[in-house]
Amino acid sequence: MSRIRQHVRGTRRTATAGVAFATATLLAVSLSPAAHADGRPTRATAIENAASALLAHASSLGLTSAQDTSVRDVIVDKDGTQHVRYDRTYRHLPVLGGDFVVHLAPDGAYRSADRATRQAVSVPSVTPEVSGPQAAGLAVNALRAANLGEKLKQVKAKPELVVDALHGSPRLAWRTNAAGLDSLGNPVARTVLTDARTGAQIDAWDSIETATGDGASLYSGTVPLESTQSGSSYQLKDPTRGNTYTGDAEGKTDLCFFGICFSRAPATLFTDADNHWGTGTTADRASAAVDAQYGTDETWDYYKNIHGRNGIAGDGKGSYNRVHYGSNYNNAFWDDSCFCMTYGDGDGTTFGPLVALDVAGHEMTHGVTSKTAALTYSGESGGLNEATSDILGTMVEWYANNSSDTGDYLIGEKIVKPGFGKAALRFMDKPSKDGSSADYWSSSVGNLDVHYSSGVANHFAYLLAEGSGAKTINGVGYDSPTYNGSAVTGIGRDKAGRIWYRALTVYMTSSTNYKGARTATLNAAKDLYGASSAEYNAVAAAWSAVNVT
C-alpha cells in the first residue's frame, strides 16, 4: 500500500372560491369510503374536512381573495387525527414560506394550524424591475462561484417569479434554478433567490437532489450511502460531503512519467436504479465501490466531527475514488495531482480488493498531510508521513464503530489473504511483527523504506493510546514492549488522535524528523491539555519508550 413527488393540487382560485371548488370536487367522489377498515378517515375525507376548515378560518390563516391553495401532503394518525399540509400562491405566483398545516380532530373538527410565516402575504406589484434573463445571469454567476471557479459546461438557468415570504417582509423575487456539468461531466446545480426589484441576492442553496441508500460492501457489511438522484437513477456521489464520488477505472491505468500524466485511467461514475448498491461479493463491480465510498464518508466525518476539518483540504471540496484500477493490482494510493484515491483489486492470492476502511482512511490522510505539513516522502519525514496515515486511518476505523470491521491496531487486516503469510500489513503494537518495520528509533531508521521506518511513530501512537504490556482489545491480543523497559500508561485513542492531528497541522513541517515529531506532539499536548498534564507526560514517556529522546 503506497501513499496507501407527487403533489395533490387543490385549486387555483381565491381561497374562499378555492375551498368551495375543492369541496364540490370531493362531492363527485362521495361514494368512496369515508373511513378505512380500522375506522380512520381516508385521505379524501381529511382533505374535505380541511377544506371546510379553510372556509371557516380563512382570516386566521391569512387567506385572502388574492390567494389560492393546493394540498401538498396528508397524514392521518392511528387515532384518526388529521394533518393536511398546504402550499399557497399569491396572484398565481408561488409563495415561498406560504405553506401551512391544518390540524383536525378525528371527527374532522378544526384544532389548530402551523404556518411558515405569520405575516400577511401581499406585495405592491407582481411586475418585476429585474428581467428574467438578468436573474438567470446572476444565478449562473452564483453557480460558478459556488463551484470554486471550476470551468462548467452546458450551463443553463430557468428563472421563476415568486413571492418570497421566508426572508422578512414578503417581496417579489426570482427563484432561478441554474445547472451545468463540472469538468468530470457530473451535474452541479444551485437555486438562487434574487430580489426582483433590486437584483440583490436574497439566498442560494445547492439543489442537486440527494437520497439515502445503502450498499453491500466487501468488508464492512451493509452500510448507508448518500447518493445523488439523476432522473430515474442514482449516482454514487455524495453532495453532503463535498460531492465525493466513486468511479470505475475499468481495469485501466495511468500513463505518467516523472510526475507528469499523459493519460489517466477513467473514473466512470457508478450509477444504480434502486439506490441499493453492490451485493457484497466481487462478482458485482459496485461492491468494491461501496467500500471505497463508505471509507471516504467515514473519513470525512472523522475529520469534520473530531477535528473540525471540512474536507481533506479543509475547503469543503470532496475528492474522488477510482476502483478496479489495473489488472490484479496489489496496491492503493493517493495522488495529489488528481486529488483522488485509487484502489487495485489485488491478485486474489496475497491481497483482495484494497478498499478496506482503514486503507481508505490511510489514503485520504495522505491528502490531509499534503495540505498541511507536507512531510517529505523520504527519510524520517517519509516515515512520519506514512505513520500519519496509519495512525489517523486507524482512528477512522475506530470512529466508524462498524461491527463488521471493528477497530484495531492492525493495518489492512481485511485485505490480506492466507498467501500473504501474516494477519495484516503492519502491526502498531509491535511493528517488527511484519518482519521489516522498526520498533524503535536508531540513527539508521531513516534509511529504511518509509513503510518500515513508520513503525517508530506507529509504535509511539499505540503506546500513547493504549499503553505497554499484554492486553486484549476488541478480541485482538496485543503485547507492546518498550525500548527502555518502562511501563507506559495510555491516555486513550481520542486524546492520542487529537494530539497527533494538532502536531501535524500546527507544528510539523516538510522536514520534520523523529526528534522534531517529539517536540511537535509535546507542543500539541501542552496546547490541548497543559504543560503539567498527564497527557503531556504520557507523550514524553511514549517517545522515550521508542527511543526518541
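The values are calculated or read from the model by the stated rules, or taken from the named source; none is laboratory data. This one's a predicted model, so the numbers in the text were calculated from it and none came from an experiment. Backbone-built Cβ (ideal geometry, glycine too); neighbour counts: all protein chains shown. Ligands, DNA and RNA are excluded from the accessible area calculation, which covers all protein heavy atoms including side chains. Shrake-Rupley method; radii C 1.70, N 1.55, O 1.52, S 1.80 Å.
Miscellaneous remarks
- Hits in the stretch 373-403 - residues which are of a type in the set (Gly, Ala, Ser) and open to solvent by less than 50 Å² (accessible area, probe 1.4 Å): ALA373, ALA374, GLY379, SER381, GLY382, GLY383, ALA387, SER389, GLY393, ALA400
- Considering only residues in the stretch 185-244 that are farther than 30 Å from ALA283 by Cβ, at pLDDT 85 or above and part of a loop (DSSP other than H, G, I, E, B), the one that is most open to solvent (accessible area, probe 1.4 Å) turns out to be ARG197.
- Matching residues in the stretch 403-423 - criterion: being within 22 Å of PHE460 (Cβ to Cβ) and in contact with a Gly (Cβ under 9 Å, 6 or more places away or on another chain): ASP408, ILE411, LYS422
- Of all residues in the stretch 141-161, those satisfying the criterion of being in a strand (DSSP E or B), surrounded by fewer than 22 Cβ atoms within 10 Å (Cβ to Cβ) and either of a type in the set (A, V, I, L, M, F, W, C) or at pLDDT below 95 (or both) are LYS153, GLN154, VAL155, LYS156, LYS158, LEU161.
- Conditions (1) within 22 Å of ASN402 (Cα to Cα); (2) part of a loop (DSSP other than H, G, I, E, B): number failed by ASN330: (1)
This table checks each residue for (1) at pLDDT below 95; (2) in a helix (DSSP H, G or I); (3) closer than 24 Å to GLU380 by Cβ.
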site	(1), (2), (3)
ASN484	no, no, yes
ALA487	no, no, no
THR505	yes, yes, yes
THR521	no, yes, yes
ALA525	no, yes, yes
TYR536	no, yes, yes
ALA542	no, yes, yes
ASN547	no, no, yes
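- Neighbours by Cβ (under 8 Å, 6+ apart or cross-chain): first from the stretch 315-340, at positive phi; second of a type in the set (Val, Ile, Thr): GLY326/THR253; PHE339/ILE312
- Count of residues meeting criterion [at pLDDT 95 or above, within 14 Å of the chain's Cα centre (by Cα), of a type in the set (Lys, Arg) and open to solvent by less than 40 Å² (accessible area, probe 1.4 Å)] in the stretch 294-332: 0
Quick grid of which residues meet (1) within 32 Å of the chain's Cα centre (by Cα); (2) surrounded by fewer than 18 Cβ atoms within 10 Å (Cβ to Cβ); (3) of a type in the set (Lys, Arg); (4) at pLDDT 95 or above:
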residue	(1), (2), (3), (4)
VAL445	no, no, no, yes
VAL450	yes, no, no, no
ALA457	yes, no, no, yes
PHE460	yes, no, no, yes
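- Search result, residues across the stretch 78-109 that are under 17 Å from PRO41 (Cα atoms) and touching a Leu at 6+ places or on another chain (Cβ under 6 Å): GLN82
- Qualifying residue in the stretch 8-28 (condition: farther than 21 Å from ALA165 by Cβ and modelled with pLDDT of 90 or more): no
- From the list ASP494, ASP479, the lone residue that is closer than 20 Å to LEU392 by Cα and surrounded by fewer than 19 Cβ atoms within 10 Å (Cβ to Cβ) is ASP494.
- Within the stretch 372-390, tally of residues that are on the phi < 0 side of the Ramachandran plot and not in a helix (DSSP H, G or I): 6
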